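Comments concern the structure below.
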């Protein structure tokens, strides 16, 4: 059996309480996103970012027929997928992004140099840069970003360059045998943490149960999502198309394009070098 | 592949999440644009310093110009790149590993090696011309000239590979076109820069050859970009339509390729007096360089727009 741990997020159980978002922010000492009112249902978080590692999506659906108006409210807590083949990990030029002993994708904050290449290499748009970052702070060193301390750290943080941030699958908690903060806080077990093989087994049974009850449910990422990405260590049970939840239907692992890209470049180099040689050679 | 996104009415049937972006765009600004542009230039200069024939006095001069300018650019480029990292000393984190899967990692090592070769070849030039002690020319053995050209080919290539090997829909839809276009554009720019510098040095005997190579590379670049536009379909919209498409057509295609090409043909067919021809060559060169810069800038900025469109990210280019 695989040693990998991960999340099974069963969106049919999500009640949109955002306890996962709050627990994640608290445990990881992540700063607030401000209080912007988006008007997008109850979602004022909008997206995962360098300092937001759980994001609850709210989807309101209304359809009408002779029987009347049918309303459905989908809620789903999004998170880093901890891909089997992770675009961010492959792209990282410093080796800051590693696969740890729990087979989670982890960014070592003291190694990251803020180049931002992982940000554009994630097919799920998860990783982002934390603009200001104090490498000499505490633990994940993000405490320095908390509003109250921002002023006093202003000078030290200016020009510090920032680092990339995303879900660590609570590496520190896992090390001491704790469940990740979001899964611990989830009041409905919509977020389940454990060995991924066991979680997949459980997820498939759940789909069967829901199907028996007449609910159209599908798993996203329990099996290979295609494009070279492989199965996801954090996968989801959805009741609508992945796009509805802002998930790609066909993600692609960026590095799979390299052979074609290098070949095209090499052919052009050789062709132009040959042209140059013919122009510059002496008759 | 792109026609999956093309059918009419697709925008109505594909639900998005409040039109929120699915992907994250690059946070890259002018420093990365300049880095990509100079990378292309350095790559092209690597080829020119090899092609120029040492036995001809004019080409001897061109060889020196190409080597010295390549070295200056190679020295300036890391400084520009690291300014984007906020804390420049963190550039060194890139040198703790070498990773074949990461174009950024291989590229940095390519740049380091290229700088070494360009530096040694520059020392050789300065030693031969007497600016440095003559014995120092032995610091650059002969194989460094083809090596600099080879590494130059890589430097010019990898910036395009670096963009296309991302999750960005626009960049990844051009996995063959962008690297090829950047290589061609790097060589047009390098021909233009060495032509400009040669004209300023009064070395106008190399102009024709450089301009012929520049026209071939420019035509190649134009053909690749034209094919990219057709191939990219929906994914290509941020680059080829609207104000940005207009800018790319005006500056990269018009000002940067077609106008210099016309001026270069004019210089070939008309027996212009020397000073007039020098001015013509200089103008053509400057225009080419502007076009090369705008190509990189458009590609980065359009990539930011592409990342904002969730519909381009649902089905990602293969």
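Computed on the stretch B:1-156, the Cα convex hull volume stands at 187 Å³ per residue. Among the residues of A:218-226, the average count of other protein chain beta-carbon atoms within 10 Å of the residue beta-carbon is 0.
When 1/r is averaged over all different Cα pairs and the result inverted, which Kirkwood radius in Å belongs to the stretch B:200-262? Don't skip to the answer; put the middle values down first.
On the way: mean 1/r = 0.0758 Å⁻¹.
This gives a value of 13.2 Å.
Given the options B:108, B:279, B:33, which has the most mean-square fluctuation in a GNM of chain B, springs set between C-alpha atoms less than 10 angstrom apart? Answer for the Gaussian network model of chain B: B:279.
Legend: mean number of C-beta atoms from other chains within 10 angstrom of residue C-beta atoms, peptide B:88-95, equals 5.
The angle between the Cα long axis of helix A:196-212 and the main principal axis of chain A comes to about 50°, on a 0 to 90 degree scale. The angle between the Cα long axis of helix B:30-51 and the longest principal axis of the Cα atoms of chain B comes to about 40 degrees, rounded to the nearest 10. Helix A:147-157 and the longest principal axis of the C-alpha atoms of chain A enclose an angle of approximately 10°. Annotation: average projected area of the stretch A:1-105 is 10.1 square nanometres, based on the convex hull of Cα atoms across all directions.
So if the hydrodynamic radius of the stretch B:155-273 is defined as the Kirkwood radius over C-alpha pairs, what does Stokes-Einstein give as its diffusion coefficient at 20 °C and 1.002 mPa s, in µm² per second? Walk me through the numbers before you get to the answer.
Values: Rh = 15.3 Å.
The estimated diffusion coefficient comes to 140 µm²/s.
In terms of Cα atoms, the Rg and Dmax of chain A work out to 22.2, 87 Å.
Per-residue ellipticity at 222 nm computed for the protein assembly as shown from its helices equals -16000 deg cm²/dmol, with DSSP H segments shorter than 4 residues left out and the rest contributing -39,500 (n - 2.57).
Mind jotting down a quarter of the surface of the convex hull over the alpha carbons of the stretch B:231-318, in square nanometres, one decimal? Working shown, then result.
Working: hull surface 27.3 nm².
For the Cα atoms of the stretch B:231-318, the hull's average projected area reads 6.8 nm².
Per residue, the Cα convex hull of the protein assembly as shown amounts to 175 Å³.
For peptide A:54-60, what's the mean number of Cβ atoms from other chains within 10 Å of each residue's Cβ?
Details: counts 0, 0, 0, 3, 2, 3, 0.
Taking the mean over all residues of the peptide, I get 1.
In the stretch B:12-65, the inverse of the mean reciprocal separation of distinct Cα atoms equals 15.3 Å; this is its Kirkwood hydrodynamic radius. Packing around the peptides A:211-223, A:90-102, taken as the average count of other Cβ atoms within 10 Å per residue, puts them in this order, highest first: A:90-102, A:211-223. Its alpha carbons considered, the stretch A:190-261 gives a radius of gyration followed by a Dmax of 14.2, 48 Å.
Of B:109, B:135, A:27, A:53, how do they rank once you tally other Cβ atoms within 10 Å and put the fewest first? Could the numbers behind the result be given before it?
Details: B:109 17, B:135 8, A:27 20, A:53 27.
Lowest count first: B:135, B:109, A:27, A:53.
Report the rotationally averaged projected area of chain B based on its alpha-carbon convex hull, in square nanometres.
Details: hull surface 72.9 nm².
Over every viewing direction, the Cα hull of chain B projects on average to 18.2 nm².
Quick note: the coordinates plus some simple rules give every number you see, no bench work behind them. Keep in mind it's a predicted model, so treat the numbers as computed, not measured. Positions of Cβ are generated from backbone atoms using ideal geometry, with glycine treated the same way; all protein chains shown enter the neighbour counts.
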